[in-house]
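Asks: Dumping the structure here so I can ask a few things about it.
The values are calculated or read from the model by the stated rules, or taken from the named source; none is laboratory data. Keep in mind it's a predicted model, so treat the numbers as computed, not measured. Methodologically, a virtual Cβ is constructed for each residue, glycine included, from the backbone with ideal geometry; neighbour enumeration extends over all protein chains shown.
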Number of protein chains: 2
Amino acid sequence: MSDLPKRVIIEEEGPREGFQSEPAGISVANKVRLIEALAETGLSRIACVSYVNPRRVPQMADAEEVAAGIRRKPGVGYSALYLNQQGLERALKGPLDVHGSLRTNASETFSRKNIGKSLEDAFVEQRGWMPIFKAHDIPVEWGVVLGAFGCNYEGDIAPEVVVTRVRQILDEAALLGVTIKGIKLTDAMGWATPLRVERAIGAIRERWPDLEVALHLHDTRGVGMAVAYAGLRMGVTTMDASIAGLGGCPFAATEGAVGNICTEDLAFMCAEMGIETGLDLDALIEAAQVAESVVGRKLPGHVKNGGSLEAIRRRNAS
Amino acid sequence: MSDLPKRVIIEEEGPREGFQSEPAGISVANKVRLIEALAETGLSRIACVSYVNPRRVPQMADAEEVAAGIRRKPGVGYSALYLNQQGLERALKGPLDVHGSLRTNASETFSRKNIGKSLEDAFVEQRGWMPIFKAHDIPVEWGVVLGAFGCNYEGDIAPEVVVTRVRQILDEAALLGVTIKGIKLTDAMGWATPLRVERAIGAIRERWPDLEVALHLHDTRGVGMAVAYAGLRMGVTTMDASIAGLGGCPFAATEGAVGNICTEDLAFMCAEMGIETGLDLDALIEAAQVAESVVGRKLPGHVKNGGSLEAIRRRNAS
């Protein structure tokens, strides 16, 4: 039998990571419409925009306008992502939440190819942001290990490498005088399997039993929900997901882009196993339909088509 | 850590259950083309056709022609499904394998609505087939509990009900003098969750530790692969799946039809966790592409788009 957590926080990545993988040209009004629909579902945190280079990511060129357009609902966190100091400064000028973190990559090769920096240089760059976080009262609570389960250049990532990266994050945090409460493991390249996640989280737990673990999973090879379940069994407290699986279309403009695991499908699985998420599945299905209307085609999520089991139970009881 | 099985048999349902959920009109030649591509993947059993009423299921009206058209490869089992005596007699006239089983439904209501028979009457009907099996040297080795995790009419199915159905199957087998080696649990209505499967299989194991358990899962609500993983952890030895997730299109003619879990995605997950399936993932991806070409649109499987990790490892090593 499983030893599942009582409660999991699902954080919404659709408007940020999902729209980033979609062809450019979705209107500000439509992006705002989806974000506002998501705010009605019980989500406590919605990643809304990335402040990234508009020439490299034209889909996010309207980040300022989207951020300004959202009618914010009390109790919901609306967050903005940044990847360098310029992005951080743009984010701080806007109305959305800016979170601090310490990010590293499991793969040195990927770090060099992706951001043109060694892992050490990436830490050095982030050191420069600390005074900015301090000046804006932004806590640095999470460490992030990108590509924690495998890398398209380096191949399989051993659990020991993940442990090394976590130690480097904690050493860096100690140097900076910040306290890391948890580690997020991400898998944008789709190398995670249930077994790999169990081994990596097990290795972290063995050394740092009090660290929270979060997962950011993509459904590149169809096993994302199995990996999520393995994560739940290992006591993961926070998972990223994307409404309707937004970003997961094989026809999307960004070649090879595959979306995060689907928010409402994950919420369904949690609810049916007695894990609290605070989410309203009917409202999520409505938001998933908004997402489909915004991109103008069917998206990969399943519960929006199959319907909830609660709806069947209600019908049978009436 | 998981205690995963060393080996799992994946049985292909695409040509049978998949095509049954597709709009009618797929040519015999195309059906045969897919079956022959599947035979090159290492699959030991391919469900090819259903001998069912052509007025109720026009997609299977060509069952005789498809069965006759297959160039059979030695070592591959090509099977035919039947649901009543008339279908059984048609199946026996054809060249494909006919398997015996003892089938029941977790839900009495569903049995009455679906086949117009009580559970007891359904057993009585099957008793009549036993002399036919005997005359054709067809063993009766598996029991099947349909809708083992929930029913759209009766709602949740408790593990105790599954235990009762297994007992009824074993009692019936004893009466008939046949030995059941395993129980297949099916979930065409999409009620299974990892927890429900663990509880049902756990309840069976507690009473009959030597019975094999097989799963027939659909991905109605996006958690099919998580359920499959839970099944593997519980020692399931056989799983049905459908190439490319065939039958899983929300635009399909049969309303609400959602396909089985995807063969190549399941094979990928097993291979990456060290579970032998005997399947060639590259050949499965080719067969998935044949399936898409036959139905003329994208199908829901993921590995055929994302590619295998072995392909990346090979590229990096070269």
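Asks: For region B:299-318: of the residues being of a type in the set (Gly, Ala, Ser) and within 11 Å of chain A (Cβ to nearest Cβ), which is surrounded by the fewest Cβ atoms within 10 Å (Cβ to Cβ)?
Replies: Start the filter on region B:299-318 by keeping residues that are of a type in the set (Gly, Ala, Ser), which leaves B:301, B:306-308, B:311, B:317-318.
When the remaining residues are screened for being within 11 Å of chain A (Cβ to nearest Cβ), the result is B:301, B:306-308, B:311, B:317.
Values: B:301: 31, B:306: 22, B:307: 20, B:308: 20, B:311: 13, B:317: 7.
Here the residue is B:317.
Asks: Free of Cβ contacts under 8 Å to residues at least 12 places away in the same chain, assigned to a helix (DSSP H, G or I) and aliphatic (A, V, I, L, M): is that true of residue A:203 in this structure?
Replies: No, not satisfied.
Asks: Filter region A:226-235 for residues that are surrounded by fewer than 24 Cβ atoms within 10 Å (Cβ to Cβ) and more than 9 Å from every other protein chain (Cβ to nearest Cβ) and give the result.
Replies: Passing the criteria: A:234, A:235.
One line per residue, one yes/no per condition, for (1) out of contact with any strand residue (DSSP E or B) (no Cβ under 6 Å at 6 or more places or on another chain); (2) hydrophobic (A, V, I, L, M, F, W, C); (3) within 26 Å of residue B:204 (Cα to Cα):
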| position | (1), (2), (3) |
| --- | --- |
| B:110 | no, yes, yes |
| B:114 | yes, no, yes |
| B:137 | yes, no, no |
| B:152 | yes, no, yes |
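Asks: Pairs, please: C-beta under 7 Å, at least 6 apart or cross-chain, first residue free of Cβ contacts under 8 Å to residues at least 12 places away in the same chain and in region B:299-310, second not in a helix (DSSP H, G or I)?
Replies: Every condition considered, the pairs that remain are B:305/A:250; B:306/A:190; B:306/A:220; B:306/A:221; B:306/A:258.
Asks: Please find, among B:33, B:16, the residue that is surrounded by 21 or more Cβ atoms within 10 Å (Cβ to Cβ) and either touching a strand residue (DSSP E or B) at 6+ places or on another chain (Cβ under 7 Å) or not in a loop (DSSP other than H, G, I, E, B) (or both).
Replies: Numbers: B:33 fails: surrounded by 21 or more Cβ atoms within 10 Å (Cβ to Cβ).
From the options B:33, B:16, the qualifying one is B:16.
Asks: Report, by residue number, each residue of region B:260-298 that is of a type in the set (A, V, I, L, M), surrounded by fewer than 24 Cβ atoms within 10 Å (Cβ to Cβ), more than 7 Å from chain A (Cβ to nearest Cβ) and assigned to a loop (DSSP other than H, G, I, E, B).
Replies: Correct list: B:275, B:279.
Asks: Those residues that are modelled with pLDDT under 95 and among the basic types (Lys, Arg), I need them from region A:53-87; list them, please.
Replies: A:55, A:56
Asks: Yes or no: region A:191-208 includes at least one residue that is away from chain B (no Cβ under 14 Å) and more than 30 Å from residue B:306 (Cα to Cα).
Replies: The answer is yes, given that some residue of region A:191-208 is away from chain B (no Cβ under 14 Å) and more than 30 Å from residue B:306 (Cα to Cα).
Asks: Report yes if residue B:213 is touching a Gly at 6+ places or on another chain (Cβ under 7 Å), away from every other protein chain (no Cβ under 11 Å) and surrounded by fewer than 24 Cβ atoms within 10 Å (Cβ to Cβ), otherwise no.
Replies: yes
Asks: Now for a separate question. Being on the phi > 0 side of the Ramachandran plot, within 18 Å of the chain's Cα centre (by Cα), within 12 Å of another protein chain (Cβ to nearest Cβ) and surrounded by 15 or more Cβ atoms within 10 Å (Cβ to Cβ): is that true of residue B:155 here?
Replies: Criteria not met by residue B:155.
Asks: I've got another one for you. List every residue pair whose Cβ atoms sit under 7 Å apart, with the two residues 6 or more apart in sequence or on different chains, where the first one lies in region B:174-197 and is within 24 Å of residue B:139 (Cα to Cα) and the second, anywhere, is part of a loop (DSSP other than H, G, I, E, B).
Replies: B:182/B:211; B:183/B:211; B:185/B:148; B:186/B:147; B:186/B:148
Asks: Given the condition of a type in the set (Gly, Ala, Ser) and modelled with pLDDT under 95, answer yes or no: does some residue in region A:233-242 qualify?
Replies: no
Asks: If we scan region A:17-26, do we find a residue that is among the polar types (S, T, N, Q), closer than 24 Å to residue A:188 by Cα and away from every other protein chain (no Cβ under 14 Å)?
Replies: Looking through region A:17-26, at least one residue is among the polar types (S, T, N, Q), closer than 24 Å to residue A:188 by Cα and away from every other protein chain (no Cβ under 14 Å).
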